[in-house]
Amino acid sequence: MDDTRAGSEDEAAEVRRFWTRLGLPGLVDVHTHFMPERVLRKVWAYFDAVGTVDNGVEWPITYRLEEDERLAVIREFGVRAFTAMLYPHKPGMAQWLNRWATDFAARTPDCLHTSTLFPEPGVETYVREAVESGARVFKAHVQVGAYDPADELLDPAWGFLAETGTPVVIHCGSGPAPGKHTGPEPIGRVLARHPRLRLVVAHMGLPEYEDFLGLAERYGEVRLDTTMAFTDFAERMAGFPRSALPRLADLGDRVLLGSDFPNIPYPYVHQLHALQRLDLGDDWLRAVCHDNGARLFGLGGTEVRRG
Ligand SMILES: [Zn+2]
């Protein structure tokens, strides 16, 4: 485990050394959480409680800081672009979150304007309005939202997002906690109807890694984010099968760095080292930690730099 003190100058220097060595202009992190303060406090309270239940896993929040301090930390790391993943757990909440996210993006130029959705009447309209007002990525959380992603109320929204090529980071794997509609089957039904939908499967689909690799192999617009995957923490919970490493290498242009910052129980740099120790090579690391995200969001900075 990395023993660098999280959020310290030492940690920032170590993160910067990681991408400087690769010749990158920084990192692109598609999975970071910024949300209204009282929602974030509830998320932290949830993770605090996880460690107190029987056989619970300790989940100390490493970057339990004020919003401006969290922004300062991630900028010190050299993250060029990041997201504000937020998600509703009940009807009538998505639009309120989206209003907050629009404001956050307006005052945070390095944040990719993020929106969310829920199966409810009117969803197609507010998804359309969000994209028209500049949303560049959506977040959906099938376990927390406890909905079937193939719910017919969502169908026109998925269709619109597919048509506009808007990426959707979706937590649809059954880890760390399964839900009624998690796993590859429900989301597979969505993809069968919308094969061009740009889904970014969060956490590499943990623990159903191989099923989600299969969906990415089958659908050319499906991507996977690395969030928490391959870290000591995730490996203890649900290890990535070594036999699937060649498939991960082959999908190198559709794997994107994600971290879950700030809600992680270890220093940020550990996610980067966890990717490095997979031994898939520097080209793979460059693609995953920067170039794939930069291309997806049109950020530039992917000009040929390798000799
Ligand atoms: Zn997350």
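The values are calculated or read from the model by the stated rules, or taken from the named source; none is laboratory data. Not measured: the values here are computed from a predicted model. Cβ sites come from the backbone with ideal geometry, for glycine too, and all protein chains shown count toward neighbours. The area values use the complete protein model at the heavy-atom level, side chains included, leaving out ligands, DNA and RNA. Shrake-Rupley method; radii C 1.70, N 1.55, O 1.52, S 1.80 Å.
Which members of the range 137-161 meet the condition of being assigned to a helix (DSSP H, G or I), away from the ligand (no atom under 16 Å from the Cβ) and out of contact with any helix residue (DSSP H, G or I) (no Cβ under 9 Å at 6 or more places or on another chain)? Break it down stepwise before answering.
Pass one, the range 137-161, residues assigned to a helix (DSSP H, G or I): 142-145, 152-161.
Within this subset, residues satisfying the condition of being away from the ligand (no atom under 16 Å from the Cβ) are 152-161.
If the condition is that a residue be assigned to a helix (DSSP H, G or I), away from the ligand (no atom under 16 Å from the Cβ) and out of contact with any helix residue (DSSP H, G or I) (no Cβ under 9 Å at 6 or more places or on another chain), then Glu152 is the only one that fits.
Pick from Lys180, Lys139: which is surrounded by 22 or more Cβ atoms within 10 Å (Cβ to Cβ) and either of a type outside the set (A, V, I, L, M) or in contact (Cβ under 8 Å) with a residue 60 or more places away in the chain (or both)?
Only one candidate qualifies: Lys139.
Got a number for residues in the range 8-37 being in a loop (DSSP other than H, G, I, E, B) and modelled with pLDDT under 95?
Just the residues of the range 8-37 that are in a loop (DSSP other than H, G, I, E, B), to begin with: 8, 22-26, 30-36.
Of the ones still in play, those that are also modelled with pLDDT under 95 are 8.
Within the range 8-37, residues that are in a loop (DSSP other than H, G, I, E, B) and modelled with pLDDT under 95 number 1.
So is Ile170 within 16 Å of the ligand (Cβ to nearest atom), within 21 Å of Asp148 (Cα to Cα), under 17 Å from the mean Cα position of the chain (by Cα) and buried (at least 19 other Cβ atoms within 10 Å of the Cβ) or not?
Criteria met by Ile170.
Mind checking whether some residue in the range 190-201 is within 25 Å of Arg242 (Cα to Cα), outside any strand (DSSP E or B) and more than 14 Å from the ligand (Cβ to nearest atom)? Full working, then the answer.
Looking only at the range 190-201, we keep the residues that are within 25 Å of Arg242 (Cα to Cα), and these are 199-201.
If we keep only those that are outside any strand (DSSP E or B) as well, we get none.
Checking the range 190-201: not a single residue is within 25 Å of Arg242 (Cα to Cα), outside any strand (DSSP E or B) and more than 14 Å from the ligand (Cβ to nearest atom).
Output yes when any residue across the range 215-232 is within 16 Å of the ligand (Cβ to nearest atom) and free of Cβ contacts under 8 Å to residues at least 40 places away in the same chain, and no when none is.
yes
When the range 10-48 is examined, which residues are found to be of a type outside the set (Val, Ile, Thr) and without any contact (Cβ under 8 Å) to a residue 12 or more places away in the chain? Before you say what the answer is, go through the steps one by one.
Residues of the range 10-48 of a type outside the set (Val, Ile, Thr): 10-14, 16-19, 21-27, 29, 31, 33-38, 40-42, 44-48.
Residues satisfying the conditions are Asp10, Ala13, Arg17, Arg21, Arg38, Leu40, Arg41, Lys42, Ala45, Tyr46.
Pull up the range 260-307, narrow it to residues that are polar (S, T, N, Q) and open to solvent by 20 Å² or more (accessible area, probe 1.4 Å), then point me to the one that is farthest from Arg136 (Cα to Cα).
Gln276
I'm trying to understand the selection: among the residues of the range 115-136, which are open to solvent by 50 Å² or more (accessible area, probe 1.4 Å) and outside any loop (DSSP other than H, G, I, E, B)? Step through it out loud before you land on a result.
Pass one, the range 115-136, residues open to solvent by 50 Å² or more (accessible area, probe 1.4 Å): 121, 124-125, 128-129, 132-133, 136.
Hits for the range 115-136 are Glu124, Thr125, Arg128, Glu129, Glu132.
Taking the range 83-114 on its own, how many of its residues are among the aliphatic types (A, V, I, L, M), in a loop (DSSP other than H, G, I, E, B) and open to solvent by 30 Å² or more (accessible area, probe 1.4 Å)? Before you say what the answer is, go through the steps one by one.
Applying the first criterion (among the aliphatic types (A, V, I, L, M)) to the range 83-114 yields 84-86, 93-94, 97, 101, 105-106, 112.
Right, trim to in a loop (DSSP other than H, G, I, E, B) and you get 84-86, 93.
This time we only want the ones that are open to solvent by 30 Å² or more (accessible area, probe 1.4 Å), so: none.
Summing the residues that are among the aliphatic types (A, V, I, L, M), in a loop (DSSP other than H, G, I, E, B) and open to solvent by 30 Å² or more (accessible area, probe 1.4 Å) in the range 83-114 gives 0.
Could you list, in sequence order, all residues of the range 240-259 that are within 16 Å of the ligand (Cβ to nearest atom) and open to solvent by 20 Å² or more (accessible area, probe 1.4 Å)?
none
Would it be correct to say that Arg80 is assigned to a strand (DSSP E or B) and open to solvent by 20 Å² or more (accessible area, probe 1.4 Å)? Write out each step before concluding.
Values: assigned to a strand (DSSP E or B): yes; open to solvent by 20 Å² or more (accessible area, probe 1.4 Å): yes.
Answer is yes for this residue.
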